[in-house]
Amino acid sequence: MTRKVVLHVGTPKTGTSYVQDVLFKNRPTLLEHGILYPAERFDAHFLAALDLMRLPWGGLQSEAIGAWDRLAATVRAHPGTAIISHEILATASRSQVGRALDSLGLGRADEPEIHVVLSVRDLVRQIPAEWQENVKHRRTFTYERFLELIRDPERESRIATWFWGVQEIPDILDRWAGDLPPERVHLVTVPPPGGAPDLLWKRFSRALGLDGIDLDLQTDRSNPSLGVPEIALVRRINRMTNKELAPAHYRPLVREMLAHQTLSQRRDSPRLSLPPDLRPWVEELERSWVAEVSRRGYDVVGDVEELVGTTTQRWADPDKPAEKAVAWAGLDAIRVLLLDNARLMGEEERLRAELDEARAALERAYLRPTYKAREKVVRRLETSEGGRKVMAGYRALRGRSSRSA
Amino acid sequence: MSDPTDRPDGPDGAGERRAWGWVASLRAGGTTPWADWRDEAERGSRFLPGAQQLELLRRVNLLGRPGPALVERVLAASAPGRGRPDLLLAGASRPTSYGPRPVDPGDLPATELLRVATNLIAEDVVAAGLPEVQVPRLNRPWRPYEVAGVRWLAGPVRDQMVRRGRRPGGRGFVATIVGADVATMVELAWVSRCFDEGGPDWSSWIGGATRRPTPPPRADLPDMAATWAGGLGAHRVQVVLDHDRLPYALGTRRALAPAPVPSADAAELARWVTAPLGLLVLPQEQAELLRRTLLPWLLRHPGPPVRLDVEQRAWAADLAGRMARTLRDAEYAVLGSTDLLVPAPAARTQGSAGPDDDRVLELAVRLLLERGERTTGAAVARR
């Protein structure tokens with residue numbers, strides 16, 4: 001069997017969470033077909049990517065220490081195909097890519113066949129999506145500021161560095177696939193909005209070599225987008241709470257409960273898009289990328305022209321949102337927080353009752369005459385050398401390590 | 001002047017061959033800047049190292065003779081964390097409309113090179129591990145004590161006591177809160193941060209601290225003493241301002257050596273190392289490695305420590321007055337006059353002594369060379 005490693009290295013906001021969840025949930029089925037998705041937990045490849053690139057990530061980096069080498073060792077030991085997938089790998093430097101490929105066995109006698117998969121989407125959708133991700137990661141800068149930073153030709157800010165690191169398709173492929181034959185580089189394009197719902201998965205399935213395998217495609221993991229008033233609200237929440245709310249609480253409360261589970265359900269709000277004056281710049285950039293990747297002759301799964309985005313969205317400025325709409329979104333947020341608080345109060349009452357019951361049972365046990373008598377004997381024995389020896393013998397016979405009476 | 005990124009790399013990839021020629025010369029110990037380099041060579045490895053890595057190697061070559069292992073580590077190192085990616089050499093490749101703008105490595109700021117260098121130092125620190133500490137087996141249980149206060153001063157005192165067989169804690173221990181003049185406590189508060197979680201650089205930190213009416217938490221002696229007194233009772237707390245009285249306070253006859261203070265550049269380098277080290281080890285080990293492994297390396301390179309300037313000392317003197325009143329009103333013992341809290345006046349011409357990026361980079365390079373020699377020496381010894 002040919003050893004093969006399929007590296008899905010990005011880009012963010014191209015359905016990667018869905019793909020990773022399908023792969024994670026179907027690990028046994030995949031293994032029956034000789035395909036390994038080496039992950040003990042859903043975010044295993046995220047941790048490995050953090051470790052490879054030595055990226056701090058809100059404290060998670062402590063869990064990531066050594067994760068890439070462990071992942072690579074598992075992949076090397078697998079005789080068939082192995083898939084690694086995480087979108088932040090897109091930003092790896094040449095030397096980090098070199099280290100990754102070496103650790104996966106490139107250059108060894110039994111080197112595997114390396115395939116790189118890059119899922120891509122037009123910048124018309126990616127630019128607003130990246131700002132939205134920033135806001136959902138506690139950032140407070142305006143959309144206008146974000147657009148300024150990413151247009152700076154020097155790209156010296158962290159925002160610009162990260163954005164282009166994970167979005168600039170020809171550069172990502174230079175770093176990850178500079179030495180690979182073009183037929184081993186698979187570009188999956190995200191279809192424009194309004195197409196068949198399963199079209200993107202079919203493209204991933206082909207690029208990852210999963211066609212013909214009966215996989216469970218149901219997953220509840222997704223990274224839904226927010227409307228303009230909703231994302232404006234989250235940015236304001238960040239500004240109000242960043243100094244007080246611990247990172248460990250932000251993720252479940254703001255990102256998950258408010259943004260993903262509540263505000264993303266408000267589908268009637270205007271969607272975030274590009275300001276009209278930036279569209280010519282973006283289109284020129286997209287067309288230059290289409291020309292570049294077409295020239296390189298990669299295996300395109302989809303249509304490379306889909307990288308030129310179109311929009312029918314009416315421009316709504318998230319820095320100057322309709323205040324009434326933000327207020328409605330805020331009410332929705334308060335409703336959900338109140339309901340969750342009520343649920344927690346109920347839970348607290350239940351636990352308090354349980355604790356009271358346990359305390360009462362303990363007190364009843366302490367009041368029993370036999371307990372009191374035993375306690376007296378133990379106290380007396382502990383006062384003399386001989387008594388302590390008797391107690392030690394008793395405890396050894398009883399098989400208990402605790403020394404408490 | 002033409003933009004170097006607009007310059008084509010010449011016919012048949014001559015620019016790229018020139019870059020490989022430079023890489024080969026740097027591998028052999030060359031120190032010629034990229035802008036002056038002309039010779040060509042064939043491709044030497046899978047990818048051309050970034051401008052940051054190549055310029056760092058040139059700086060290493062300028063200061064010493066690195067062994068081959070260190071050369072390859074520098075060339076393969078990427079800066080950790082978010083920030084500018086590995087950059088291409090201006091003129092080494094055909095101009096493209098994508099990717100970060102190629103640079104002349106000579107134009108890179110020291111901080112870009114420090115990102116790469118400190119990643120390597122963090123690896124060296126982890127590889128060196130923690131030094132073994134000789135602790136007497138027998139614990140002398142008399143005069144139970146605990147040392148607290150300004151962490152930079154208290155830690156070494158505790159270590160010396162432990163080496164004398166006097167472990168802290170024990171029934172009815174007395175907490176000795178070690179302080180100093182306010183300027184020193186504030187300066188050491190920043191040094192402590194550098195060896196703990198990193199945090200802001202000196203100028204940002206001291207700028208923020210002096211805008212507040214209260215001392216930074218790590219320099220707030222009355223607050224520390226009050227916290228201990230709240231837990232133990234005032235009769236079990238003593239504040240020591242006069243360091244000559246510290247042995248008496250702790251019940252030891254021999255003198256206690258003062259805590260060594262690293263130079264401003266050394267503290268800044270530790271601050272830089274904190275971040276990449278935190279990606280290699282868990283937080284507790286990180287703090288131990290910074291103080292027990294990295295600090296002794298840095299102390300071999302003495303220099304002036306961080307120092308408050310004249311205005312900042314006036315702010316510190318004002319704080320000292322308030323601290324003195326609080327200590328005098330408190331119920332716990334204070335060993336030494338509260339006048340010792342007042343910082344010594346600085347000369348009018350004396351400015352703030354903070355770190356300098358270029359000097360910090362030079363120190364980082366010297367550390368890399370020292371560790372590289374040790375690694376080579378160890379490898380030779382094994383053979």
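The values are calculated or read from the model by the stated rules, or taken from the named source; none is laboratory data. Note that the structure is predicted; figures quoted are calculated from it, not measured. Neighbour counts are summed over all protein chains in view; Cβ atoms, including those assigned to glycine, are modelled from backbone coordinates with ideal geometry.
The residue of segment A:175-202 that is farthest from A:T91 (Cα to Cα), among those that are among the aliphatic types (A, V, I, L, M) and in contact (Cβ under 8 Å) with a residue 40 or more places away in the chain, is A:L200. Of the residues making up segment A:92-109, one or more are among the charged types (D, E, K, R), free of Cβ contacts under 8 Å to residues at least 24 places away in the same chain and either surrounded by 23 or more Cβ atoms within 10 Å (Cβ to Cβ) or in the same structural domain as A:L47 (by TED's automatic domain parsing) (or both). Considering segment B:255-283, the residues that are touching a Gly at 6+ places or on another chain (Cβ under 7 Å) and either within 16 Å of B:P80 (Cβ to Cβ) or of a type in the set (S, T, Y) (or both) include one that is farthest from the other protein chains (Cβ to nearest Cβ), namely B:S263.
The number of residues in segment A:280-296 being away from chain B (no Cβ under 13 Å) and farther than 22 Å from A:Y143 by Cα comes to 1.
Considering only segment A:43-59, state which residues are within 11 Å of chain B (Cβ to nearest Cβ) and either of a type outside the set (A, V, I, L, M) or touching a Phe, Trp or Tyr at 6+ places or on another chain (Cβ under 8 Å) (or both). Residues satisfying the conditions are A:L50, A:D51, A:L52, A:R54, A:P56, A:W57, A:G59.
Conditions tested, residue by residue: (1) crowded, with 21+ Cβ neighbours inside 10 Å; (2) more than 20 Å from A:S119 (Cα to Cα).
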position	(1), (2)
A:G15	no, no
A:V22	yes, no
A:L30	yes, yes
A:P38	no, yes
A:A49	yes, no
A:G66	no, yes
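Just to check your reading of the model, which residue among A:D303, A:D299, A:D356, A:D277 is touching a helix residue (DSSP H, G or I) at 6+ places or on another chain (Cβ under 9 Å), away from chain B (no Cβ under 14 Å) and either exposed (fewer than 15 other Cβ atoms within 10 Å of the Cβ) or at pLDDT 95 or above (or both)? Testing whether each residue is touching a helix residue (DSSP H, G or I) at 6+ places or on another chain (Cβ under 9 Å), away from chain B (no Cβ under 14 Å) and either exposed (fewer than 15 other Cβ atoms within 10 Å of the Cβ) or at pLDDT 95 or above (or both) leaves just A:D299.
Say whether the condition of being in contact with a Ser or Thr (Cβ under 6 Å, 6 or more places away or on another chain), of a type in the set (A, V, I, L, M) and closer than 27 Å to A:T29 by Cβ is met by at least one residue in segment A:65-83. Yes, segment A:65-83 has at least one match. Among the candidates B:R328, B:R291, single out the residue that is of a type in the set (K, R) and either in contact with a Pro (Cβ under 8 Å, 6 or more places away or on another chain) or outside the structural domain of B:P247 (by TED's automatic domain parsing) (or both). When all the criteria are applied, what remains is B:R291. Scan segment B:289-337 for residues that are among the small types (G, A, S) and under 30 Å from B:A270 (Cβ atoms) and the total you get is 6.
From the list A:A248, A:A322, the one residue that fits, being of a type in the set (A, V, I, L, M), loosely packed, with under 14 Cβ neighbours inside 10 Å and either over 30 Å from A:A177 (Cβ atoms) or not assigned by TED's automatic domain parsing to the domain that holds A:R206 (or both), is A:A248. What are the residue pairs meeting all of these: first residue in segment A:227-250, first residue farther than 20 Å from A:S264 by Cβ, second residue of a type in the set (D, E, K, R) and outside any helix (DSSP H, G or I), Cβ atoms under 8 Å, and 6 or more apart or on different chains? Close Cβ pairs (under 8 Å, with a partner that is of a type in the set (D, E, K, R) and outside any helix (DSSP H, G or I)) amount to A:N242/A:R138; A:P247/A:R138.
One line per residue, one yes/no per condition, for (1) more than 11 Å from every other protein chain (Cβ to nearest Cβ); (2) within 22 Å of the chain's Cα centre (by Cα); (3) basic (K, R); (4) under 30 Å from A:E244 (Cα atoms):
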residue	(1), (2), (3), (4)
A:I127	yes, yes, no, yes
A:R139	yes, yes, yes, yes
A:D152	no, no, no, no
A:W162	no, yes, no, yes
A:P170	no, no, no, no
A:R175	no, no, yes, no
A:E183	yes, no, no, no
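For A:P170, the conditions (1) in a helix (DSSP H, G or I); (2) crowded, with 20+ Cβ neighbours inside 10 Å are fulfilled apart from (2). Screening the candidates A:R139, A:R206 for the property of being surrounded by fewer than 23 Cβ atoms within 10 Å (Cβ to Cβ), in a helix (DSSP H, G or I) and among the charged types (D, E, K, R) yields one hit, A:R206. Regarding segment A:209-222, can at least one residue be identified that is in a helix (DSSP H, G or I) and assigned by TED's automatic domain parsing to the domain that holds A:V22? No - not one qualifying residue is present in segment A:209-222. Of all positions in segment A:327-350, at least one carries a residue that is aliphatic (A, V, I, L, M) and closer than 29 Å to A:G195 by Cβ.
Within segment A:225-241, can one find any residue that is surrounded by fewer than 14 Cβ atoms within 10 Å (Cβ to Cβ), in contact with a Ser or Thr (Cβ under 8 Å, 6 or more places away or on another chain) and either under 30 Å from A:D319 (Cα atoms) or of a type in the set (S, T, Y) (or both)? Scanning segment A:225-241 turns up at least one residue that is surrounded by fewer than 14 Cβ atoms within 10 Å (Cβ to Cβ), in contact with a Ser or Thr (Cβ under 8 Å, 6 or more places away or on another chain) and either under 30 Å from A:D319 (Cα atoms) or of a type in the set (S, T, Y) (or both). Under the condition of being within 13 Å of chain B (Cβ to nearest Cβ) and crowded, with 23+ Cβ neighbours inside 10 Å, the residues counted in segment A:68-89 number 1.
Tell me, please, whether a residue that is crowded, with 22+ Cβ neighbours inside 10 Å, in contact with an Asp or Glu (Cβ under 7 Å, 6 or more places away or on another chain) and not in a helix (DSSP H, G or I) can be found in segment B:155-172. Within segment B:155-172 (the criterion being crowded, with 22+ Cβ neighbours inside 10 Å, in contact with an Asp or Glu (Cβ under 7 Å, 6 or more places away or on another chain) and not in a helix (DSSP H, G or I)), the answer is no, since none of the residues qualifies. Of the residues in segment B:121-131, not one is under 22 Å from the mean Cα position of the chain (by Cα), under 30 Å from B:A35 (Cα atoms) and without any contact (Cβ under 8 Å) to a residue 24 or more places away in the chain. Evaluation of B:N139 against the conditions (1) touching a Gly at 6+ places or on another chain (Cβ under 8 Å); (2) at pLDDT 95 or above; (3) polar (S, T, N, Q) shows that the sole unmet condition is (2).
Residue-wise test of (1) at pLDDT 95 or above; (2) under 18 Å from B:D181 (Cβ atoms); (3) crowded, with 18+ Cβ neighbours inside 10 Å; (4) touching a Cys at 6+ places or on another chain (Cβ under 6 Å).
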residue	(1), (2), (3), (4)
B:G199	no, no, no, no
B:W202	yes, no, yes, no
B:I206	yes, yes, yes, no
B:L221	yes, yes, yes, no
B:M224	yes, yes, yes, no
B:G230	no, no, no, no
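Being assigned by TED's automatic domain parsing to the domain that holds A:R94 and among the charged types (D, E, K, R) holds for only one residue in A:D198, A:D152, and it is A:D198.
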